[in-house]
């Protein structure tokens, strides 16, 4: 089984360009499935075997999204084995994905964003760095994983463009605003450690995704913002504010690096709710 798993992961990595995070999750999901199979060979796995496995997972009261991912891992794996001729049949064909509720993204108001971005103490190098991090996340809408991977060669501070490596190892160009450019330039002028990486910790090493989460949480507490929010809230706020100010959905899709327009459309639900609120308050017969 592990031999098949290695071939499958290699296929996802080389041919499908899946991220390291996705490869890790798929590997863990399939190893968990192999433990369930025990001594049963893959050739003997049928639809009923998969149904028994799913029933076992449901006993753990997993969230629908976790179930959906595990199902996706199984489907992709058996489809690969069948297509490559390792299995005669694909037992996962009839498996149904649980219906997922669409969660509306949390976002900050424009006033809250200003408060958030101005929280770092710019008299310190770490404060200049943190201000630059927050400004870039909000100005560009890039993911935290894309931010930590930025190098000096990826950023054109004169042309106001950055090049990011997105999901599936796909590169895209994203505009960056003047305020974010100024914040990055001030930080680069003051930082002590030379490096190709832009955002560094106090030891001069590249910041990690976890570090960015810690930095964000620090300023959430400092300014007393509502709810528990993650660095992704800046990406959500970026998209929502663009749509609120008249940007078209297709352009926002390109900026966010979404493959499917349907992924971006969740932000239209947010703007629709705002329109309803304005209508209810303003229309005399609402």
- Item | Hey, residue 74 more than 30 Å from residue 191 (Cβ to Cβ), outside the structural domain of residue 207 (by TED's automatic domain parsing) and not in a helix (DSSP H, G or I) or not | no
- Item | Options 72, 10; residue that is loosely packed, with under 12 Cβ neighbours inside 10 Å and closer than 30 Å to residue 146 by Cβ | 10
- Note on the structure: (1) part of a loop (DSSP other than H, G, I, E, B); (2) surrounded by 12 or more Cβ atoms within 10 Å (Cβ to Cβ); (3) in the same structural domain as residue 27 (by TED's automatic domain parsing) all hold for residue 91 apart from (3)
- Checking residue 117 against (1) surrounded by fewer than 16 Cβ atoms within 10 Å (Cβ to Cβ); (2) in contact with a helix residue (DSSP H, G or I) (Cβ under 6 Å, 6 or more places away or on another chain), which test does it fail? (1)
- Could you check how many residues of segment 1-19 are over 19 Å from residue 70 (Cβ atoms) and free of Cβ contacts under 8 Å to residues at least 60 places away in the same chain? 6
- Give the residue that is modelled with the lowest pLDDT, with candidates limited to residues of segment 18-43 that are surrounded by 12 or more Cβ atoms within 10 Å (Cβ to Cβ) and not in a helix (DSSP H, G or I). 19
- Counted residues in segment 136-164 being crowded, with 17+ Cβ neighbours inside 10 Å and assigned to a strand (DSSP E or B) come to 3
- Which condition number does residue 134 fail, the rest of (1) within 13 Å of residue 215 (Cβ to Cβ); (2) in contact with a strand residue (DSSP E or B) (Cβ under 6 Å, 6 or more places away or on another chain) being met? (2)
- Could you identify the single residue in 105, 91 that is touching a residue at least 60 places away in the same chain (Cβ under 8 Å) and touching a helix residue (DSSP H, G or I) at 6+ places or on another chain (Cβ under 8 Å)? 105
- Message: I need the full set of residues from segment 53-71 which are touching a helix residue (DSSP H, G or I) at 6+ places or on another chain (Cβ under 8 Å) and assigned to a helix (DSSP H, G or I), in order please.
- Response: 53, 54, 56, 57, 58, 67, 69, 70, 71
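The values are calculated or read from the model by the stated rules, or taken from the named source; none is laboratory data. Please read these numbers as outputs of a predicted model, since none were measured by experiment. No Cβ is skipped: glycine too gets one built from the backbone with ideal geometry, and neighbour counts run over all protein chains shown.
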